[in-house]
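Student: Here you go, one structure.
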């Protein structure tokens, strides 16, 4: 039953590179930068074993202007493997400090991420609760991604996907955003680019070492 539901969600989705997941292969180092209408962030994480990854996150909140410095831990809670597809469930948490207008305050976040993929399609859901200081920002956001791969590329070739991301951030100035984008992936590097319905640019990139 679970496989049937996940397969239905994937009818309008596309494949994602496994190395860009919150937990990489043991000994892997991943650098990720994300930029959208809510925040600009950079994350560097190391995966000591297949179940969790530890890293440092620098994030600038665009509406509040706060700069976050966080230690981040990603944990693989469960993985489903089947013939031709895979699904993953992750917990992501971060704790540290926020700087704004010369003031420093504690900050943290927690959230979950789910994804389903095969070579032609991918579907994901992610949420996050964020707490910054006492009065700076307390928010919840969630996003869904779907898309389609116009072709199946061989290993080492350029992979291209057409994607759609829908973001819901109730405490934001703009509650809903829809972002069509293009993802390009080859070898150990990926880039995503798009523009949301508010006119903000999305530009994400990741590298695995």
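Student: Against the conditions (1) more than 14 Å from residue 38 (Cα to Cα); (2) assigned to a strand (DSSP E or B); (3) free of Cβ contacts under 8 Å to residues at least 60 places away in the same chain, where does residue 129 fall short? Just the number, please.
Tutor: It fails just one condition, (1).
Student: For the range 129-145, give me the residue count where each residue is modelled with pLDDT of 95 or more and buried (at least 19 other Cβ atoms within 10 Å of the Cβ).
Tutor: Residues flagged as modelled with pLDDT of 95 or more and buried (at least 19 other Cβ atoms within 10 Å of the Cβ) within the range 129-145 amount to 4.
Student: I would also like to ask the following. Which count do you get for residues in the range 24-55 that are in a strand (DSSP E or B), under 15 Å from the mean Cα position of the chain (by Cα) and over 20 Å from residue 202 (Cβ atoms)?
Tutor: Final tally of qualifying residues: 4.
Student: Which residues, counting only those in the range 186-209, are in a strand (DSSP E or B), out of contact with any helix residue (DSSP H, G or I) (no Cβ under 8 Å at 6 or more places or on another chain) and farther than 19 Å from residue 39 by Cβ?
Tutor: Result: 186, 189, 207.
Student: Can you confirm whether the range 75-85 contains a residue that is surrounded by 15 or more Cβ atoms within 10 Å (Cβ to Cβ) and without any contact (Cβ under 8 Å) to a residue 40 or more places away in the chain?
Tutor: No, there is no match, as no residue in the range 75-85 is surrounded by 15 or more Cβ atoms within 10 Å (Cβ to Cβ) and without any contact (Cβ under 8 Å) to a residue 40 or more places away in the chain.
Student: Here's another thing I want to ask about it. Filter the range 165-179 for residues that are in contact (Cβ under 8 Å) with a residue 60 or more places away in the chain and assigned to a strand (DSSP E or B); which is farthest from residue 121 (Cα to Cα)?
Tutor: Of everything passing the filter in the range 165-179, 177 is farthest from residue 121 (Cα to Cα).
The values are calculated or read from the model by the stated rules, or taken from the named source; none is laboratory data. Keep in mind that this is a model prediction, so the values were computed, not measured. Glycine also receives a Cβ, built like all others from the backbone with ideal geometry; neighbour counts cover every protein chain displayed.
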